[in-house]
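Quick notes on the structure that follows.
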Amino acid sequence: MTYFPAPRFPRRSLNGILAGCTAICSVALAAQSVQAQDAAPMELPSILLRYELDYSGRVDGYLAPATETGVKSGVPLSDVPQSISVVTSTELEARQPDEVEDAIAYVPGIAASTWGTDDRFDQFSIRGFDMGSSALYRDGLPQKVLSFSAFSTDPYMIDRVDVLRGPAGVLYGSNDAGGMVNLVTKRPVFDRLAQGRLSYGSNNTAEAAFDWSDTISADGTMAARVTGLLRDGETEVHSSDNDRAFLAGGFTWAPTDNTTLTLLGHVQKDAKTPLIMAPVAGEDFDSAFGPLPDDYAYRQSDYNHFETTQESFGWELTHRFGEGLTFNQRVRLAHQTTDYAQLDFSYADASGLNYYAFRNDEEARTFGFDNNVKWETQLGNVENNLIAGLDYQYSRVDVTHYYDGSIYTLPYSDPNFNFTVADPALSSHDRTTYRETGVYVQDHMKFSNGTAVTAGLRYSWFENDATDLLAGTTSSQSDSAATGMIGVTHEFANGLTPYIGYSEGFIQNVGTTATGQTLDPSKSKQWEVGLRYQPTRDLMFSGTVFDLRKTNVKDYDPEDDTYSSFVQVGEVRSRGFELEARGRLTQNLQAILSYSYLDSEITEAPDPVLPTDPIKKGNANSFAPMHQLSLWLDYDASALVQGLTVGAGIRYTAESYSTQDNLRITPSNTIADMAVTYEARNFDVNLNVSNLFDRDYYGVCYDGYGCAKGEGRVIKVSLSRQF
């Protein structure tokens, strides 16, 4: 693909953005205005398409009835023998999150924004494993971070988020221990949909967005969708960027009840602000050297920038043959360029605060497909869904790294960044290539008495090549892994569904040790026992107890000041329990309640262990808070004011360690959020506030690296219109 440099976004006035949105929305909506007159909603043309949407499409309300993330053949949520939560379309529309990590903040077992205000890519941990960079999937295909290339997805581009907790190696191949987060892209619909949205909020952030879809053929077999967003803004960090522009398109052809083809593509440009780690008096430097200004944690150099350009294209093909056979294919190609430069904190001494400059120019490519055949049959009193598939992942990232060790010292008496930073000298030019091929089979058997058995096996071959393009040398590592899963659920007539499940996973760790050796793969396994209770169609209570173990856990090397090399721990055990209530409590009240208890421990450490080694047996894992509690309420207040809906939530995260050497604690925090919507005719007015009481807290405190602030109060007012 052609390299397109990511330009800096010029500062535009709010009027300019609003005018731009008006023009974009007018073009998108005019094409269907004639057709809309006196037109009744059209029935979906394909029975197969309706079936697909039941398991992976839009969800109204706070409880999804079914999923294909946990069982690829598609089953009711209660049939999945593993913890799974779905952030629905209704929740996304009510809370209007700006990042995926914000969208999943009310899911049990998720510690969101583990690196504070860091918009380079989504950061979160699942069941005590920091894995935002390796857990993201989109439409069932990997969308993992390669170096700093993250292929970020805006929540406005997706219909729902499925969060599967625990290893998922059988269905998804290389996947980290805590689980996976599957983003489901908005697809064309055969009913008329047309929306325009304008918003303005904190930090001078203006946004314009539109979403349009409709049938585009006379015979009703073709539909298209176009979604776009334009944002110009800042964060609390001085001279920061919070800019995004994306355009996504989709086309669906459903010529018969047995065939559907959907094409999906998008282009996106981002200008974001790098992570700002600030030293803390008494922790990172002697407090006798003097206090830092109150706003120091929000200061940065003008040298800092993080700019990306990305493109993706793919398709989903489903064809149903006779005799219960269905073929499914998913394919996606993606490309991203990244221009990242930062003056970053290194250490503090009596002379002042010492910073170093680095720059990364990156180009990343990914290609993946998943082909499978599903066989549905009735075996006596058993409904049997057998799925067998072949999938493939390819990724390559070229990183040109500039770093020469030059130090810039800021005196304690005047710690300002008002000086010029020169680009450092070229230090490395590396290419990392990863290939993985896997074959898998999964069978889901549902007995007439309510018992369901799900079992699966996978065998994967994977290879990682690390090439030094300056020296012309390559080191390679090839490996293979066999993974399995089995689980049983039983649905009683009173709505109770207990389950027990065992699952395995693996992940090929990308990176090297300080001596240049490639990292060994990590393997994981989990036992889980749970109970779901669904008293009504729209409400589910669930609880689970789990024991999760992972070997060869990757962490940054504490001896490497550049954070570019890694160490590995023998084994980490994470066990605990989770509770979740999700859905409609009364006619006017919907809710999400979750609680997580986590006990994590390093159960095996490198051998031999010296007294000076920081990582020891008995230490807790990093980013593993013991307690998390969240509550979100959505109240339809139409009885008081016609068209009014009020939402409010609170999230508590206990303290946790940020590294496996357990030398520094990130303090606990409690955050409140709010959302108010007023509907009148075809207009919606939304008021969304995150961190309602503007709590000042640290998102992360890292050993020897300082702390990063969590996001302060952000207010956004939006005006939407349905056309």
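No value in this document is a laboratory result; all are computed from the given coordinates. It should be emphasised that the depicted structure is a prediction, and the values quoted were computed from it without experimental measurement. Using ideal geometry, Cβ is built from the backbone for each residue, glycine included, and neighbour counts are taken over all protein chains shown.
Got a sec? Charge dipole of the chain, +1 on Cβ for Lys and Arg, -1 for Asp and Glu; which of Ser427, Ala66, Thr400 is way out at the positive end?
Final value for the positive-end residue is Ala66.
Give me log10 I(q)/I(0) at q = 0.19, 0.25, 0.32 Å⁻¹ for the range 131-173, Debye formula, one equal scatterer per alpha-carbon, no solvent.
Listed by q, the Debye log ratios stand at -0.64, -1.06, -1.35.
I'd like to know which of Thr273, Val226, Ala288 lies farthest towards the positive end of the charge dipole of the range 202-331, counting +1 on Cβ of Lys and Arg and -1 on Cβ of Asp and Glu.
Val226
Using Cα pairs under 8 angstrom and six or more residues apart, how large is the relative contact order of the chain, in percent? Write down the numbers at each step before the final one.
Numbers: 2070 pairs, mean separation 89.0, N = 723.
Averaging sequence separation for qualifying contacts and normalising by length gives 12 percent for the chain.
With only Lys, Arg, Asp and Glu charged, each at its Cβ (+1 for the first two, -1 for the last two), find how big the charge dipole of the chain is about the Cα centre; round to the nearest 20 debye. Display every interim value, and only then the final one.
Details: 55 positive and 95 negative charges, 357 e Å.
Dipole size: approximately 1720 debye.
Hey, could you grab the Kirkwood Rh for the range 44-192? Inverse mean 1/r over distinct alpha carbon pairs, Å, one decimal.
15.5
How large is ³J(HN,Hα), in whole Hz, for each residue of the range 318-332 in order, when computed from phi with the Karplus curve 6.51 cos²θ - 1.76 cosθ + 1.60 and θ = phi - 60°, using x for Gly and Pro?
These are the phi-based 3J(HN,Hα) values: 10, 9, 9, 8, x, 6, x, 8, 9, 9, 10, 9, 10, 9, 8 Hz.
Rg and Dmax of the chain, using alpha carbons, in Å: what are they?
Cα-based Rg and Dmax for the chain come out at 25.2, 81 Å.
Give the residue list of chymotrypsin sites (Phe, Trp or Tyr not before Pro) in the range 306-364 that are DSSP loop and have at most 14 other beta-carbon atoms within 10 angstrom.
Here the sparse-neighbourhood loop sites are Phe321.
Got the relative contact order for the range 175-251 handy, in percent, Cα pairs under 8 Å and 6 or more residues apart?
Contact order relative to length: 26 percent.
Take every Cα pair under 8 Å in the range 342-387 that's 6+ residues apart, average their separations, divide by the length, and report that relative contact order as a whole percent.
23
Determine the shape class of the range 103-188: with a ≥ b ≥ c the square roots of the Cα gyration tensor eigenvalues, call it rounded for a/c under 1.5, and otherwise prolate if a/b is greater than b/c, oblate otherwise. Write out the running numbers ahead of the final one.
Numbers: a/c = 1.27, a/b = 1.05, b/c = 1.21.
Taking the square roots of the gyration eigenvalues as a ≥ b ≥ c, the range 103-188 is rounded.
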